[in-house]
Every structure is written in structure tokens, then in C-alpha cells.
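Student: The structure is given below, and queries will be raised subsequently.
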Amino acid sequence: MDGALSHVKVLDLSRVLAGPWASQMLADLGADVIKVERPGSGDDTRSWGPPFLHDRDGQPTRDAAYYLCANRNKRSVTIDITTPEGQQLVRELAARCDVLVENYKVGGLAQYGLDYATLHAEFPRLVYCSITGFGQTGPYAPRAGYDFLVQAMGGLMSVTGRAESEQGAGPLKVGVAVADLFTGLYASNAILAALAYRERSGQGQHIDLALLDVQVACMANQGMNFLYGGRSPGRLGNAHPNVVPYQDFPTADGDVIIAVGNDGQFARLCTAIGRPALATDERFATNLARIAHRVELIRLLRECTLTRSTDEWVAALEAAEVPCGPINDLARVFEDAQVIARGMKIEVEHATAGAIPLVANPIRLSASPVAYRRAPPTLGQHTREVLADELGCDAERIDRLAASRVI
């Protein structure tokens, strides 16, 4: 059965992560995504290794694992958009597409006649999604934006890292580019909303997404804690600002996460660790009390968790229906029985490398499931195919474009 978005065609002028993450989401849901790349070099992340993909002979290719994470189910076309001929090819493709995604600096595509205002005038049904660091307006609009910078400016690093009273205190970024990833997810949602609006109105529109806006929005409860409490939350390491106990605890051979979400779970935790009286102690009986006496409670719990191994505690706490788990490295993640059962590691057939592993899309749709139709493409793998099939270019025109290095 066709994917949910098999009727949608996307022209992807984005590179690196936020834009490609959005277009990969659309591609996984069935959209035909045409990825336009620079001839000779392509998406910046192709070179962001090691590690690099190896071909069937075990030799490294030019494509880094980083690139592979965000570009499956797409067709790669190389076009030099700095040339008039290249600009014309992109306009011809835009005429046949429902969506265009780009993450150039504000105004960067205007010099090529590929900006929203120009293309909207010619193709009013086109949904045009612009992803930038700081948005199309405001004093920072001209600046380049990067995930690390935005994690800092948007407040995430102010609440990430060890508490000021602990050794090693200081701000930390999250270990993956969450500002980029969240922006990609917001972008794919916005695109679907714009397509739904077009069904009723017949009109496309401009989507203006900024990494900084997204990061501020994703401060979620921490942002609201500030707006209503009037105080910046600060860093708590692995602890939770609003729930106790909800953090890591040392064990005899490592660490265990205990995530107590209500008083009933806390009572079961106390019984499981052999300290049932803690649940009725007025200092700890309610979450509000536990927050007020956080330091003392955590000290008492750590004395208990040190007596058994991580696996022993996980087994005991799971039996008591207390949310818990180990802190896995990625080797253990992909060996985890639940991760295996959910099929989170997949294999697809790559043009030069044969079967390669990828991380699955987590969306489960019962009637129109995600399909893995194509491996991440090699640079320009589908240029001739797309120009011939989509634009009706004959072999002579394609050869001429290649000879002049437009493609």
C-alpha cells in the first residue's frame, strides 16, 4: 500500500540536519523527496566523519555515518544553483513539487531567484519552508545559527550539567543536536499543516522556522517554571526540578535510574529497598515534601542502592512496578530486547555498500506504515533519472548540462 504522503513531492534544498531531518520524516511517510546538492561536494555532512560508510570491498566511501542518519528515502540530484541554467532547473522542479525545504541564510536564495516571494508569485500552491538559526525577522535574523550556539542561547545549557554545589559543575550541551532535531520535527508538522490548509484554500504559504524559537519552546516545564516562579531553574545534574526521586543512583557495579512519578510509586520503592517507613515519614510522604527534603532523601536512598548490582535493582524494582532502568551505552541499546522487538535497527540495500544498517523511524501507523524504499543516496545518484522523468530532459540536454558542470 502507498505511504500516507505518496501523493506529495518535496524539493529539498536543505543540508546538514534540521532540514534533512524534516524531509526524511516526510520521505519515510511516503513523499517523493528530491534532494538538490552541490556538484562535487554535496551535503556538508557527507564529509563529517569518521566513521564513513564502506563499500562492498571494504573501502571507505565519501559518505559519513552522520549523512546516512538523515537522508534515506530520497533521490539525490546535483545542480549548481549559482548558474542561470541551474536556477532554471530548480524552478522547473519546483513547478512539479508541493513542498520546498531550504535552510539558507535569510535572503540567501533571493540572488538566485529561488526565494519565497519569487517562487510564490509563480507557483502559488507551493508550500515553502525556511529553516534558519534565528528566523526571518528580528535583530539576529542575518546571523548564522548552529545547534550548539542555540542550545546555549535558548536556555538549555543553563539547566544541563551538574549542580553548582557538585564537583564538575558547569553548563553542558546535550549529546545530540536536539535543537536541530526538534526543529526538523516542528518543520515536518508545519508542512503537514500547510498542506492540509492548501486542500481547503488552494494556496501555499511560507513557513518561517527558527532554531532559537524552537529551543525556547522546548524548554517546556522549565520555561514555565521560570515564567510562574520568577527564578531561573539552574542545573540539577540528573535530578528533576519538580519530581523527587527522579534521577540516577549508584549501585554496587554502576548506576540505576529511578523515576518515581507519584506517591504510590514512592511507597512501592520504599518497600522494595527495605525501608517502608520512609513512605510515611512526614518529610517524604508527598512529592512537595520530598522536594523540600531532597538532599536528605537522596542520601538515604543512595545508601540503599549501593548494596546491590544494577541488574538486581532493575529486576527488583520492575517487580515492584517502580519505573527504573540501566544507563545503557549504544552497544547495549541495540542489544536491548525491547529495542530489538520494536525493530529499531533496520537494513537497507545501498548502491555501493550492499546491505547497511540504519536506525528505524519510531512512528507506527497501522494502515499506512513507514516504508524504507531507498538507502541514503550517493551524490547525484538520481540526477539523470530525475531530469529525464520529472522534467522530460532528453539525453542530449542532460549531457550538455553535465559538460558545462551545471549538474
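The values are calculated or read from the model by the stated rules, or taken from the named source; none is laboratory data. Quick caveat, the model's predicted, so the values are computed rather than measured. Cβ coordinates were reconstructed from backbone atoms using ideal geometry, including for glycine residues, and neighbour counts include every protein chain displayed. Areas reflect the complete protein model, heavy atoms only, side chains present, ligands, DNA and RNA absent. Shrake-Rupley method; radii C 1.70, N 1.55, O 1.52, S 1.80 Å.
Student: Six or more apart or on different chains, Cβ under 9 Å: which pairs go from a residue in region 261-277 that's over 15 Å from Asn287 (Cβ atoms) to one that's crowded, with 16+ Cβ neighbours inside 10 Å and of a type in the set (Phe, Trp, Tyr)? Could you list them?
Tutor: Hits for this filter: Ala272/Trp313; Ile273/Trp313.
Student: Within region 171-189, can you find the residues that are among the small types (Gly, Ala, Ser) and open to solvent by less than 30 Å² (accessible area, probe 1.4 Å)? Quick ask: steps written out before the conclusion?
Tutor: So the first thing to find is which residues in region 171-189 are among the small types (Gly, Ala, Ser), and the list is 175, 177, 179, 184, 187-188.
Ala177, Ala179, Gly184, Ala187, Ser188 - these are the residues of region 171-189 that are among the small types (Gly, Ala, Ser) and open to solvent by less than 30 Å² (accessible area, probe 1.4 Å).
Student: Let me ask something else about it. When region 319-350 is examined, which residues are found to be touching a residue at least 24 places away in the same chain (Cβ under 8 Å), surrounded by fewer than 14 Cβ atoms within 10 Å (Cβ to Cβ) and farther than 30 Å from Cys304 by Cα?
Tutor: Passing the criteria: only Glu349.
Student: Continuing with the same structure: Here is a list: Gly254, Gly229. Which entry is free of Cβ contacts under 8 Å to residues at least 12 places away in the same chain and more than 27 Å from Thr137 (Cβ to Cβ)?
Tutor: Step by step, each of Gly254, Gly229 is checked, and only Gly229 is free of Cβ contacts under 8 Å to residues at least 12 places away in the same chain and more than 27 Å from Thr137 (Cβ to Cβ).
Student: Give me the pairs, please: first residue somewhere in region 1-25 and farther than 14 Å from Leu195 by Cα and open to solvent by 30 Å² or more (accessible area, probe 1.4 Å), second residue anywhere and assigned to a strand (DSSP E or B) and at pLDDT 95 or above, beta-carbon distance under 9 Å, and either six or more positions apart or on two chains.
Tutor: Note: pairs meeting the criteria are Arg15/Lys35; Arg15/Glu37.
Student: If I ask for residues that are open to solvent by 30 Å² or more (accessible area, probe 1.4 Å) and either within 8 Å of Arg235 (Cα to Cα) or among the aliphatic types (A, V, I, L, M) (or both), which ones from region 157-170 would you list?
Tutor: Once the filter is applied, which keeps residues that are open to solvent by 30 Å² or more (accessible area, probe 1.4 Å) and either within 8 Å of Arg235 (Cα to Cα) or among the aliphatic types (A, V, I, L, M) (or both), region 157-170 yields Ser158, Thr160, Arg162, Glu164, Ala169.
Student: Given region 49-109, what strands (runs of 3 or more DSSP E) lie entirely inside it while holding 1 or more residues that are closer than 19 Å to Ile207 by Cα?
Tutor: In region 49-109, the matching strands (runs of 3 or more DSSP E) lie at 99-102.
Student: State all residues of region 32-53 that are touching a residue at least 40 places away in the same chain (Cβ under 8 Å) and under 21 Å from Ile346 (Cα atoms); if no residue qualifies, say none.
Tutor: Across region 32-53, the qualifying residues are Asp32, Val33, Arg46, Leu53.
Student: Here's something else I'd like to know. Which numbered condition in (1) open to solvent by less than 10 Å² (accessible area, probe 1.4 Å); (2) more than 22 Å from Ala360 (Cα to Cα); (3) free of Cβ contacts under 8 Å to residues at least 24 places away in the same chain is the only one that Gln88 fails?
Tutor: The one condition Gln88 does not meet is (1).
Student: Just one of (1) free of Cβ contacts under 8 Å to residues at least 12 places away in the same chain; (2) within 19 Å of the chain's Cα centre (by Cα) trips up Ala110, so point out which.
Tutor: The one condition Ala110 does not meet is (2).
Student: I'm told Arg62 meets every condition in (1) open to solvent by 50 Å² or more (accessible area, probe 1.4 Å); (2) within 30 Å of Arg364 (Cα to Cα) except one. Can you identify the failing condition by its number?
Tutor: Looking at each condition in turn, Arg62 falls short on (2).
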